[in-house]
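*Asks:* Before I ask anything, here is the structure I am working with.
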Amino acid sequence: MKELEEIIKELISNVKELENVIEGIKKPVSESSQLLPETAKNIEDVMVFLEQTSHTIMNYLEKVNENSESIEKDVEFLLSLSPIPKVRERLENIKGKNQENLKILMELYTHMSFHDLAGQQLKTVLQVLENIKRTLLDIIVSHVAAGKNLKAEEVSGIKGKVSELLSQDRINQEDVDKLLEEFGL
């Protein structure tokens with residue numbers, strides 16, 4: 001019996017601690033309500049820039065690769081004509097430089113694949129930010145519902161609004177602000 005009493009006391013203590021944590025979160029969230037959306041927007045802007053520059057760079061690399069292949073064919077053709085030694089030497093030099101350029105192109109393609117990975121990582125960061133918004137909103141709603149003597153239908157209405165908001169792919173900060181305003185936060 002004493003063990004049960006101790007467990008209940010510990011649970012009550014944990015609930016009170018959780019209430020204090022929620023109360024502590026509530027104020028900073030309202031004070032920094034623009035931090036998450038601004039950060040998300042900045043990351044989205046960086047992602048768009050990365051994507052655009054990646055496409056542009058890849059198009060340039062493909063064109064340089066095509067030109068190098070054309071140069072390779074032209075040099076091979078000219079070498080097949082048995083040119084004089086000085087011309088042959090120059091053509092061999094061009095061929096060597098062109099092969100070096102092709103190796104550099106392959107390195108650039110490899111680096112560009114890592115560039116794409118950076119964009120994917122930023123996408124993951126955006127998803128984390130969205131999940132943080134969802135969690136914070138859920139905590140606030142739970143706190144509001146617990147802190148007010150609301151009827152079951154009122155709690156159900158609040159949860160319905162929050163569920164609708166949370167079901168979206170992206171949570172619009174204006175919608176969150178309106179919802180929080182409805183709660184008096």
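*Asks:* Based on this model, can you work out whether Leu91 counts as among the hydrophobic types (A, V, I, L, M, F, W, C), surrounded by 14 or more Cβ atoms within 10 Å (Cβ to Cβ) and farther than 30 Å from Asn42 by Cβ?
*Replies:* Answer is yes for this residue.
*Asks:* Now for a different question. Starting from the stretch 40-58, keep only residues that are in a helix (DSSP H, G or I), then list their pairs with residues that are among the basic types (Lys, Arg) and open to solvent by 40 Å² or more (accessible area, probe 1.4 Å) whose Cβ atoms are within a distance under 9 Å, requiring at least 6 positions of separation or different chains.
*Replies:* Close Cβ pairs (under 9 Å, with a partner that is among the basic types (Lys, Arg) and open to solvent by 40 Å² or more (accessible area, probe 1.4 Å)) amount to Ala40/Arg170; Ile43/Lys123; Met47/Lys123.
*Asks:* Right, next: Across the stretch 57-72, which residue is farthest from Asn101 (Cα to Cα) among those that are of a type outside the set (A, V, I, L, M, F, W, C) and open to solvent by 60 Å² or more (accessible area, probe 1.4 Å)?
*Replies:* Checked the stretch 57-72; the qualifying residue farthest from Asn101 (Cα to Cα) is Asn59.
*Asks:* Any chance you could count how many residues in the stretch 105-125 are open to solvent by 80 Å² or more (accessible area, probe 1.4 Å) and at pLDDT 80 or above?
*Replies:* Residues meeting the conditions: 3.
*Asks:* Considering each residue of the stretch 72-96, count those that are of a type in the set (Ser, Thr, Tyr) and part of a helix (DSSP H, G or I), and give that number.
*Replies:* Count: 1.
*Asks:* Out of Glu100, Glu107, Glu69, report the one residue that is in a helix (DSSP H, G or I) and in contact with a helix residue (DSSP H, G or I) (Cβ under 9 Å, 6 or more places away or on another chain).
*Replies:* Among Glu100, Glu107, Glu69, only Glu69 is in a helix (DSSP H, G or I) and in contact with a helix residue (DSSP H, G or I) (Cβ under 9 Å, 6 or more places away or on another chain).
*Asks:* Regarding the stretch 43-56, can at least one residue be identified that is modelled with pLDDT of 90 or more, surrounded by 11 or more Cβ atoms within 10 Å (Cβ to Cβ), under 25 Å from Gln121 (Cα atoms) and not hydroxyl-bearing (Ser, Thr, Tyr)?
*Replies:* The answer is no; no qualifying residue exists.
*Asks:* Output yes when any residue across the stretch 126-143 is out of contact with any Asp or Glu (no Cβ under 6 Å at 6 or more places or on another chain), modelled with pLDDT under 75, of a type in the set (Ser, Thr, Tyr) and not in a helix (DSSP H, G or I), and no when none is.
*Replies:* no
*Asks:* Name the pairs whose Cβ atoms lie under 6 Å apart, with the first residue in the stretch 83-97 and on the phi < 0 side of the Ramachandran plot, the second surrounded by 13 or more Cβ atoms within 10 Å (Cβ to Cβ), and 6 or more positions between them or separate chains?
*Replies:* Pairs found: Leu91/Val75; Leu91/Leu78; Leu91/Leu79; Ile94/Val75; Lys95/Val75.
The values are calculated or read from the model by the stated rules, or taken from the named source; none is laboratory data. Since this is a predicted model, take the numbers as computed values, not measurements. Note: ideal-geometry Cβ built from the backbone for every residue, glycine included; neighbour counts use all protein chains shown. Each accessible area value is taken on the protein alone, full model and side chains, heavy atoms only, with ligands, DNA and RNA left out. Shrake-Rupley method; radii C 1.70, N 1.55, O 1.52, S 1.80 Å.
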